[in-house]
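Each value in this text was obtained by applying a stated rule to the coordinates, not by laboratory testing. None of the values given here were measured: they were computed from a predicted structure. Glycine also receives a Cβ, built like all others from the backbone with ideal geometry; neighbour counts cover every protein chain displayed.
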Amino acid sequence: MDAEARATRPEGRTWLAALVLVAVYTLLAVLEMRQVDATVDEPTYFNTGRLIVTEGWSHPLTRLHGPLPYYLNQALVGDFPPGGYDPSKDHADLLFRGRLGLLPFGWIGALVVFLWSRRLFGDRGALFSLSLYTLNPLIIGYSGLLAVDIVHSASVLLALYGTWRFLDRPGTWRALGVGALLGIAFATKYLALLNGPFVVLAAVIGTYRARGSTGRPLQALPAALLAGLLVTVSALTTLHACYLFQPGFASTHAQDYASQLFQRLFSWPGVDLLLASFPRPFLEGVDYQMSVGEGAHFTPYLNGRFASGHADYYLWSFLRKSPEILILCALWVALRWLPLWLSGKSPARLTRSAWILVPPAALAIAYLSLFTALQIGVRYVLPFYLFLFVACGVVATERWFLARLRWSAAWAVVLALHVWDLADQWPNLIAYINRSSGGQAQAYRYFNDSNSDWGQLVGRGRIELEETETEPFVEINPLMGPRLGRVAVELRYLVRRDPQNPERMRHWVLAMEPERHVGGAWWLFDASPENWERSLRENPDERRRAELAIAYLGAGLLERARPHLEQLGQDGAEHRELHRLLLAHERGEASTEDLLRMIALWTQFGRHDRVTALLEEEPSLADHPRRNLILAPAWMKQGRLDLAIEALEEEDLDRFPRAALMLARYYFVEERFSEARAVLEPRLDALEGDFAAAATQLLGEIEERAKLYEEFHAGLAGGG
C-alpha cells in the first residue's frame, strides 16, 4: 500500500473529483459567510485588524491572537468605516469581505489533507479524507467566519506536513523551510506553540538518523543539533517578520507577566532569554491567555455540571459535535492503525505520520483538558480534526470494505450522510450537534459556550421567534422568576447554576421540555398550568412546588396557589405571607407598608414585572420618596436598561446620592463614560462606607475603560 501510494500519480479523475469537492466546500463556506450573523468575537477581531493596520500593536486587544488572521481579515475590505465595524448597523457586505479574506487557508487545509492522505493511502484514501474535510459541518461553519480557527488549523497541519516531508530528505534549506512554516503557524493562534518542540525534535532526530546511517553517529550529532537550531531561528524570524519587525523583543522580567507559569519559567537560566526572543505582543498575549486559564473564577459547563475544568471536555465535544460516520471512522483508525504503530509493524510512512501527529495532539489535548479552565468550544482542538481526516483515509484501503461494497457506492453513502447532516442544521453549522445527541434542540443539556452558540443567533434568533410565532411569549433572563405562559430564553440565560448546588445546572423553566428551538441559542417553553402540574407530578420536588406557587401568585391565581402553599414546609413561610398580602390587596385593605413588603417579596422571588406594575399602577406609591430607586433596578432586571436609566434621570440625585451611583453604573454598562463621571464625581463626598468605596472603584473602572475605548476608536479612525 505504501509503495504503491508513492509510485503512482493521481489519476485525472481523482483530481477532478477533488476539485469538485473543494468547489462544493467553497460554495458552502461562502453561503455561510452571507447567512450567519457576526459571532461575539468577530467584531473585535475585525476592528483589531483595522487597528493593526493603522496603529500597530499598541492596543491590548491586538494581542489576543497572532497577526496573520488580522491581516487576512483586512485584505479585501476596502474602505473601513471610521467608527469601526458595528454588527448593529448595515455592515453585512463589510463582514462578508472580511470573512472572505481568510478562505484561502481553508483551501490550504483541504490541499494538505488530500496530499498527505494520498501519500499514505493512495487516490481513494485521499478522496475519502478530502470528503470528510470538505463536507464536515464544523469545517464549513468555521470557514465561514472571520475567526482565527481555520487559519490556525490549516497552518498547523501544513507545518507538520512540512516536517513529515523533511524526514524523507533532511537538509539545511528544508530545515529553514520547516521553521518558516512553523513560524507562520505561531502567527495565527498561540496554541500553535504546543507543536513547536515536536517539530524541532523531529528535525533533530530525523537529521541524526539520516546522517548516522552512514556509520558515523558522532559526526551526525552536530548536524542534527544545527537542524534543530535552524528550525528554531527560522520560526522566530518568520514570526517577527509577520509582526513586520516592529514591536521588538519581549521583556525578560518575570514581574511583567501575570501567569504563574511564566513567572516560574523566567526564573530558569536560559529560558528567559529563549522566551524573550519572541515578539513582545506575542508573548504578552500568550501570558494573558494562560493567566485567564489559571483563574479559578472561570468555570466551564459540561453535561449539566460546572467546574473549574473538565478532564473529559474535549472527548465529549468530539462525541457530541462530530458526525456519526466520522466517529465510526475514528474508532476504526484507533482499532486498526494505532496497534500497528505501537507495535512497530505499520508501514514506514504511517509510522512517521503517527510520530508527527499523535504526540503534539496528545500534549495539546492534555494541556487543554487538565491544566487550563479555558474550555470554551471544540474550536480549540479543530486542528486535530484535520489530523483525523488524514488518518481516516486508511478506511478506504481496507480489503473487507472494498470486497463487500463497490467503492463508488460506499463513497456515495458517506457523501449522502454528510449532506443530510448539513441540510438538517444549516446554516448554524458551528453549533452542529449530531443526531445521536439530539441535535441542536438538546444543546443546552451539554454546553453553554461556542459549542452551542457563539452569539451568532442572539439577535437573529429573537427576530425569528417574533416573526414566526403567532401566540405571544415573554423573553426571560436568569433574574426573572417563575411564571405562567410561553417563555423564550437564550442559552446563556437558560444554563445557570443551582444556587443550592453551584456545581449543577438548574432553571425553573427546565421543568418542561422545549417546544421549539432556534439553533443552539434559543428555546421556547410553554409554562402552562398543565405543564407545570405535570412536571410536578413527575418530580414532586419541594422547590419546584414553591416555584409553581409563585407562578400562580404572579398570574393572580390565588386559589390555585393555595393547595401548593399548604404543602410547603417551613421554607414556604414567605410564600404564604405573599399570598396573604395579595388577598389583602385584592380586598383593598393593603397599607403602604403592605405594598412595600409585597415589593420586597416579589423582588426576592424574581417577579420584577410585578414590582414595576405595582409602582406604576398603585396611586399610594406614586409619591414615595424611594420610588425610582426601587423602580430602576426592577426594570434593569427585566432587561430594560433604557427604562431603568429613564427612571433615575428623573430623580433628585443630590438628595439621593446612592441613585447617582446606580445611574453611573448603568451609564458605564452602556459605555457612556463621560456621563457616568459627570453624575458620580460631584457626589462622591455625599457617599459613605461601602457606597463610597464602590463609587471610588467604579470611577477607576470608568477611567480605565474610557481610556481603552477612546484609544480603540481613535485607532479605528486613524487618528492615533
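Summary table
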{"item": "Pairwise centroid distance, computed over Cα atoms, of segment 597-657 with segment 335-412, Å", "result": "59 Å"}
{"item": "Convex hull projection area averaged over all views, segment 625-720, Cα basis, nm²", "result": "6.7 nm²"}
{"item": "Protection-proxy order for peptides 703-710, 185-192, each taking the mean of Cβ atoms within 10 Å per residue, highest first", "result": "185-192, 703-710"}
{"item": "Cα-based reach from LYS89 at 27 Å (exclusive), listing lysines while leaving out same-chain residues under 8 positions away", "result": "LYS637, LYS707"}
{"item": "DSSP H segments from the chain that extend 30 Å or more along their own axis, Cα-based, with Kyte-Doolittle mean of -0.5 or above", "result": "12-35, 217-242, 348-370, 689-716"}
{"item": "Fully extended contour minus Cα-Cα distance, from TRP332 to VAL40, at 0.36 nm per residue", "result": "101.4 nm"}
{"item": "Radius of gyration and Dmax over the Cα atoms of segment 364-514, both given in Å", "result": "20.3, 62"}
{"item": "Structure-based [θ]222 nm, the chain - -39500 (n - 2.57) summed over DSSP H runs of at least 4, per residue, nearest 500", "result": "-19500 deg cm²/dmol"}
{"item": "FRET efficiency estimate (nearest 0.05) - Cβ-Cβ, GLN219 to PHE245, R0 35 angstrom", "result": "0.45"}
{"item": "Globularity ratio of the chain, using Cα Rg and 2.2 N^0.38 Å", "result": "1.11"}
{"item": "Normalised alpha carbon radius of gyration of segment 9-149 [divisor 2.2 N^0.38 Å]", "result": "1.19"}
{"item": "Centroid-to-centroid separation of segment 497-518 and segment 428-445 [C-alpha atoms, Å]", "result": "17 Å"}
{"item": "Nearby aspartates and glutamates by direct alpha-carbon distance to LYS321 (threshold 19 angstrom, same-chain neighbours under 8 apart not counted)", "result": "GLU32, ASP149, ASP312, ASP421, ASP424, ASP449, ASP453"}
{"item": "Nitroxide proxy distance, nm - points 7 Å out along Cα→Cβ at GLU398 and GLU589", "result": "7.8 nm"}
{"item": "Tail beyond 39 Å, pair distance distribution of segment 2-423 (Cα, percent)", "result": "20 percent"}
{"item": "Inter-probe distance in nm under a simple model that places probes 7 Å from Cα toward Cβ, at GLU566 and GLN263", "result": "6.2 nm"}
{"item": "Ordering of 504-516, 678-690 by packing [mean C-beta count within 10 Å, highest first]", "result": "504-516, 678-690"}
{"item": "Relative packing of peptides 343-351, 391-399 - highest average C-beta neighbours within 10 Å first", "result": "391-399, 343-351"}
{"item": "Linear extension gain, ALA416 paired with LEU31, 0.36 nm per residue minus alpha-carbon span", "result": "136.6 nm"}
{"item": "Quarter of the Cα convex hull surface for segment 430-557, i.e. its orientation-mean projected area (nm²)", "result": "8.3 nm²"}
{"item": "Net length gained if the chain between ASN539 and PHE371 were fully extended (0.36 nm per residue, minus Cα distance)", "result": "56.7 nm"}
{"item": "Gap separating the Cα centres of segment 48-122 and segment 668-720, nearest whole Å", "result": "32 Å"}
